[in-house]
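**Q** First the structure, which I've put down as structure tokens, then a few questions once you've had a look.
Derivation of every value follows stated rules applied to the coordinates shown; laboratory data play no part. What you see is a predicted model, and the numbers here were worked out from it, not measured in a lab. Cβ placement follows ideal geometry from the backbone for every residue including glycine, while neighbour counts extend to all protein chains displayed.
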Amino acid sequence: MVRLRDMDEGDIDAVSALRVRGWQVAYAGLVPQDHLDGMSAEEDARRRRAGFASSRGALWNLVAVDEDDVPVGWICFGPYRGVTDATAPGEVYALYVEPALMGRGIGRALLQAVHQHTEARRFATFQLWVLRDNARARRFYAAAGYAADGATESDMYGETAVQEVRYRRSMAPRGL
């Protein structure tokens with residue numbers, strides 16, 4: 001059984017380790033292996049610690065924790081990157097679940113919590129970016145009501161371009 005709570009500074013090391021493991025499992029074969037092998041939970045934690053306190057109120061982090069209060073899932077969300085006006089859509093920046101626990105509803109619970117937060121923040125839509133070739137993630141987001149909206153971008157990993165597609169979901173109240 002997991003419960004959700006706001007992430008605090010004491011969770012940074014665990015979240016960084018979770019994020020690195022998540023990348024290494026979910027993106028194997030999609031992102032160059034040398035990039036995945038070079039990822040460091042310690043470096044990720046250092047960067048995350050440097051920006052954590054200053055980002056409060058600008059973005060939100062939730063964790064799913066086990067019975068020992070150890071993070072087994074993490075989601076980060078806020079206003080869509082690069083849009084600063086009041087009409088900005090929301091964006092899920094990251095969602096990772098402990099790889100051994102994938103498929104047990106933790107990611108779905110985190111995403112549903114974000115959708116509940118949107119009511120207070122008045123985001124009319126929510127967007128996120130997903131690797132084009134990450135079929136599992138694309139199915140997950142489609143099941144949560146997201147659909148590709150036609151926007152694409154690519155990130156460079158060394159000499160390799162990795163394509164991403166943007167997904168969008170209206171946060172308008174759903175009919176009966």
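**Q** Using θ = phi - 60° and the Karplus curve 6.51 cos²θ - 1.76 cosθ + 1.60, what whole-Hz ³J(HN,Hα) does each residue of the range 126-139 get, with Gly and Pro shown as x?
**A** Values, residue by residue: 10, 10, 7, 10, 9, 4, 3, 8, 8, 4, 4, 5, 5, 5 Hz.
**Q** Name the residues whose placed amide hydrogens come within less than 5 Å of the amide hydrogen of G73, ignoring near sequence neighbours (fewer than 5 apart) on the same chain.
**A** Hits under the 5 Å cutoff: A64, E98.
**Q** Here's a follow-up. Helix-only mean residue ellipticity at 222 nm, the chain, DSSP H runs n ≥ 4 weighted -39,500 (n - 2.57), per residue, nearest 500. What is it? Please report the intermediate quantities before stating the final value.
**A** Details: 5 runs with 60 residues, N = 176.
After summing the helix terms and dividing by residue count, I get -10500 deg cm²/dmol.
**Q** On to the next question. Using the Cα gyration tensor of the range 92-131, with a ≥ b ≥ c the square roots of its eigenvalues, what is the shape: rounded (a/c below 1.5), prolate (a/b larger than b/c) or oblate (neither)? Write down the numbers at each step before the final one.
**A** Numbers: a/c = 3.45, a/b = 1.72, b/c = 2.01.
Since a/c reaches 1.5 but b/c is at least a/b, the shape of the range 92-131 is classed as oblate.
**Q** How many angstrom lie between the C-alpha centres of the range 9-67 and the range 73-113?
**A** The distance from the Cα centre of the range 9-67 to that of the range 73-113 comes to 13 Å.
**Q** Starting from 0.36 nm per residue, how many nanometres of slack lie between L4 and D66 once their C-alpha separation is accounted for?
**A** Numbers: separation 62, 0.36 × 62 = 22.32 nm, distance 0.92 nm.
Extra length from L4 to D66 when fully extended: 21.4 nm.
**Q** Just want to confirm a number: the relative contact order over the chain, from Cα pairs under 8 angstrom separated by 6+ residues, in percent. Don't skip to the answer; put the middle values down first.
**A** Working: 270 pairs, mean separation 35.2, N = 176.
About 20 percent, as a whole number.
**Q** Taking 7 Å along the Cα-to-C-beta vector as the label spot, tell me the A53-D13 distance in nanometres, rounded to one decimal.
**A** Modelled inter-label distance: 1.9 nm.
**Q** Determine the principal axes of the Cα atoms in the range 75-176, then give the extent along each, sorted from largest to smallest and rounded to whole angstroms.
**A** Between the extreme Cα coordinates on each principal axis of the range 75-176 lie 44, 35, 22 Å.
**Q** Turning to a different aspect of this structure: In the chain, once you exclude exposed GluC sites (Glu not before Pro) (DSSP loop, at most 14 other Cβ within 10 angstrom), what's the longest stretch remaining?
**A** Working: sites that count: E67, E159.
In the chain, the maximal stretch lacking such sites is 68-158.
**Q** Please identify, among V130, V162, V97, the residue showing maximal mean-square fluctuation in a Gaussian network model of the chain using a 10 angstrom Cα cutoff.
**A** V162
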